[in-house]
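Beneath this line is the structure, given in structure tokens, with notes to follow.
Values in this text are rule-based calculations from the coordinates and carry no lab data. Predicted model only: the values in this text are computed from it and were never measured. Methodologically, a virtual Cβ is constructed for each residue, glycine included, from the backbone with ideal geometry; neighbour enumeration extends over all protein chains shown.
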Amino acid sequence: MSVFSHIDFDHHEQVVYGHDQASGLKAIIAIHNSNLGPALGGCRMWPYANDDEALRDVLRLSRGMSYKSALARLPLGGGKAVIMGDPHTGKSTALFQAMGDFVDSLGGRYITAADSGTGVAEMQIMAERTRHVAGAGQREGFEGGVRNGDPSPSTAYGVFIGIQAAVKHRLGRDDLRGLKVAIQGVGQVGFSLARHLKEAGAELWVTDIVPANVRRAVEQLGATAVTQQEIFALEVDVFAPCAMGGIINLQTLEVLRAPIIAGAANNQLADASLAETLRRNECLYAPDYAINAGGIIDVCYERTGGSAAQLKAHIEGIGDTLQQIFQRAAADGCSTTQIADRLALERLNGGE
Ligand code: NAD
């Protein structure tokens, strides 16, 4: 299959295939754009049905990383890696050592990090073979103490800041006391977000496919548990998708009541045109790649240094970026994703 004529090819700078027969590694690394710095993006492990599915994913995800980092004002380009394999059954030390060698072969043009199917343990194995890996070490947490390289607390904090910005813009409110929030998925990011919201006085409704995760939110945060279907139709102020992509679609839009959608999940809109539908429905949508940038900001600070206080302040900048997006969208009569894309491109090309 061809890369240059692929529908998701978007002037990517480099697309490299890696194979190691001994460990069984089959992987692709894509560098979309390095105008602003080395390309950083996660290493996803997924049982892709074929090479084309893997290529499509890596082309789309690497482009998304260019936009996300540009919008978050980071000195980073966009890249991504995909490993073709089952993360439950296909992992081995040799596989991730070979992946580390593959990453190293690009000499730092691509820096890898954890993603779906990989985590701190795999980053640590890759770090034996390359220094171009993020999220493998320990560091100071901005809430105090020492933590590992998991960026989800930073992602959650960024989403919390983003919800504040959205509430101010859409509901004209400065504080979150009594705000009703429905969270779909109380895993790493969702639970941490729920904790921030609880501390700010919000009322929470949660759902998850893992009963233990729901129980934790109910017992520790006083959240109300609802079913996977009920979460969409609640009369709440904010719907926060923190589970998986494609969750804003024609079916869920029929029942969604919240005037704000703001959560951590990647690729929340099943179809890009739904952003315009949301705008017409007067539902304020916080573009996912703008609001969930806390994790990439965290990973960047790990690479470049900077104190926990500086990291926290940078994450808080997500609120300003969103405010700018909301205001421009309102002024121009455009969807928030159109404005976010425009803003990201402006920054990617050296403007603003
Ligand atoms: P996670 O796996 O820890 O949490 C996801 C939770 O959603 C799990 O508890 C899972 O059981 C639940 N879930 C899955 N399907 C569901 C469904 N249909 N209904 C209800 N719950 C369901 O993952 P995470 O790290 O918390 O990430 C959450 C989302 O945020 C993902 O989409 C991820 O891509 C995105 N994201 C995460 C980070 C990060 O730093 N971890 C950064 C940016 C974006």
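Worth pointing out:
- Our coupling estimate for region 182-195, obtained by passing each phi through the Karplus curve with A = 6.51, B = -1.76, C = 1.60 and θ = phi - 60°, is 9, 10, 9, x, 10, x, 4, 6, x, 5, 5, 4, 4, 5 Hz, Gly and Pro reported as x.
- In loop segments of region 248-283 as defined by DSSP, the trypsin sites (Lys or Arg not before Pro) with at most 13 further C-beta atoms inside 10 Å of their C-beta are Arg257.
- Of all the options Asn50, Asn213, Asn148, the one that moves most in a Gaussian network model of the chain with Cα springs shorter than 10 angstrom is Asn50.
- Taking the chain and dividing mean pair separation by its residue count, relative contact order in percent (alpha carbons under 8 Å, at least six apart): 15
- Label-to-label distance for Asp51 and Asn266 is 2.3 nm, based on points extended 7 Å past Cα in the beta-carbon direction.
- Taking 7 Å steps out from each Cα toward its Cβ at Gln14 and Met244 produces label points 3.4 nm apart.
- Under a 5 Å amide H cut-off, with hydrogens placed 1.01 Å from N, Leu25 pairs with Asp20 among residues at least 5 apart or on other chains.
- Three principal axis extents of region 31-108 based on alpha-carbon atoms, in descending order, are 38, 24, 18 Å.
- The simple Förster model, with R0 at 30 Å and r as the Cβ-Cβ distance, assigns Ala94 and Val210 a FRET efficiency of 0.45.
- Annotation: extensible slack from Gln21 through Glu199 equals 58.9 nm (criterion: 0.36 nm per residue apart, minus Cα-Cα distance).
- Compactness of region 198-352, expressed as Rg and Dmax over alpha-carbon positions, Å: 16.9, 48
- J(HN,Hα) series, region 323-336, from Karplus relation 6.51 cos²θ - 1.76 cosθ + 1.60, nearest Hz, glycine and proline x: 4, 4, 4, 4, 5, 5, 4, 5, 5, 8, x, 10, 6, 5
- Computed from the alpha carbon positions, the gyration tensor of the chain leads to an equivalent ellipsoid with semi-axes of 32, 22, 20 Å, biggest first.
- Taken as Cα centroids, region 129-185 and region 200-264 sit 17 Å apart, rounded to the nearest whole angstrom.
- Based on DSSP H segments of at least four residues, each scored -39500 (n - 2.57), the chain has a per-residue ellipticity at 222 nm of -13500 deg cm²/dmol.
- Net charge dipole size for the chain [Lys, Arg +1 and Asp, Glu -1 on Cβ; Debye, nearest 20]: 460
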